[in-house]
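This report refers to the structure that appears directly beneath it.
The values are calculated or read from the model by the stated rules, or taken from the named source; none is laboratory data. Quick caveat, the model's predicted, so the values are computed rather than measured. When we count neighbours, we look across all protein chains shown, and the Cβ atoms used for this are built from the backbone with ideal geometry, even at glycine. SASA here: full protein model, heavy atoms, side chains in, ligands and nucleic acids out. Shrake-Rupley method; radii C 1.70, N 1.55, O 1.52, S 1.80 Å.
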Amino acid sequence: MPAPKTVTIYCASASGFDARFAEAARALGAALAGRGVAIAYGGAHVGLMGMTADAAREAGGRVIGVIPERLVEREVAHENLTELVVVDTMHERKRQMADLGDAFVAMPGGLGTLDELFEIATWSQLGMHTKPIVLLNVAGYFDHLIAFLNHAEESGLLQARNRAIIQQVADVPALLSLLFG
Ligand code: AMP
């Protein structure tokens, strides 16, 4: 796999209770920017999304936000991005975030993050792309999800080769090694 030039990040519009989430968001944004890797994400200034984007911008990185018009109006759009792509629908947003990224990283998040993660993984399962998809399992946040995916495989409902689509790492240095060698 060639090293990704743009990484799409899925992450929470909230900050969460564990300070390690914010630390990892900032570390990820800064690390990608420091390597000259662009970030595509959901375009908001709130929560872990905003922290990732801020850290990347502070480190001189390129950050592209993709946000539906409705959320711009609700004033969650980040105003200090390299580019803000305003789209009509959530589906269009996911399509553009999928097209922009050479790799996909899910940080801790809620339903929106999980939706994005599972859609991009399903598109891989269907052969629509072969780009890496990685869970950044900060502070073990995704442990139960990982256990569930293993359960799905053990139950014969998720083929081993499809289970392998969703990779996992424990921290930002491990993510960088996985994506950039
Ligand atoms: P969640 O994990 O539920 O906080 O959702 C965050 C993910 O869904 C992000 O990766 C965004 O692309 C999208 N999203 C959901 N809610 C928002 C919001 N209020 N502002 C911006 N993006 C959001």
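Counting only protein chain heavy atoms and rolling a 1.4 Å probe, the accessible areas of 118, 21 rank, largest first, as 118, 21. Restriction of the GluC sites (Glu not before Pro) in segment 75-181 to DSSP coil positions whose beta-carbon has at most 15 other beta-carbons within 10 angstrom yields 75, 79. You can think of it this way: the chain between residue 74 and residue 18 has 17.5 nm of extra reach, that is 0.36 nm per residue less the Cα-Cα gap. If you take the Cα centroid of segment 2-28 and the Cα centroid of segment 39-109, the two points sit 12 Å apart.
Could you tell me what percent of the DSSP beta bridges with both partners in the chain are antiparallel, to the nearest 5? Before the final figure, lay out each step's value.
On the way: 1 of 23 bridges.
If we restrict to bridges inside the chain, about 5 percent are antiparallel.
Report the residue, chosen from 98, 22, 59, that carries the largest GNM mean-square fluctuation when the chain is represented by alpha-carbon nodes joined by springs under 10 Å. For the chain, modelled as a Gaussian network with Cα springs under 10 Å, the answer is 59.
Computed over the chain, the per-residue total of -39500 (n - 2.57) for DSSP H runs of n ≥ 4 gives a 222 nm mean residue ellipticity of -14000 deg cm²/dmol, rounded to 500.
Taking only protein heavy atoms and a 1.4 Å probe, what accessible area per residue, in Å², does segment 1-123 have with all protein chains in place? Walk me through the numbers on the way to the answer.
Values: 5590 Å² over 123 residues.
It amounts to 45 Å² per residue over segment 1-123.
Considering only 48, 149, 100, the Gaussian network model of the chain with Cα springs below 10 Å gives its largest mean-square fluctuation to 149.
Work out, step by step, the length gained on full extension between residue 167 and residue 126: first 0.36 nm times the residue separation, then minus their alpha carbon distance; give nm to one decimal. Mind showing how you got there, number by number?
On the way: separation 41, 0.36 × 41 = 14.76 nm, distance 1.70 nm.
In short, 13.1 nm is gained.
Among 32, 71, 157, the largest mean-square fluctuation in a Gaussian network model of the chain (Cα springs under 10 Å) belongs to 157. Can you give the convex hull volume of the alpha carbon atoms of segment 6-180 per residue, in Å³? Output value, Cα hull per residue: 104 Å³.
Of the accessible area of segment 3-89, with the probe set at 1.4 angstrom, what percent is carbon plus sulfur? Don't jump to the answer; show the numbers that get you there.
Details: 1940 of 3990 Å².
Here it works out to 49 percent.
A full extension of the chain between residue 177 and residue 95 corresponds to an added length of 26.8 nm, given 0.36 nm per residue minus the alpha carbon distance.
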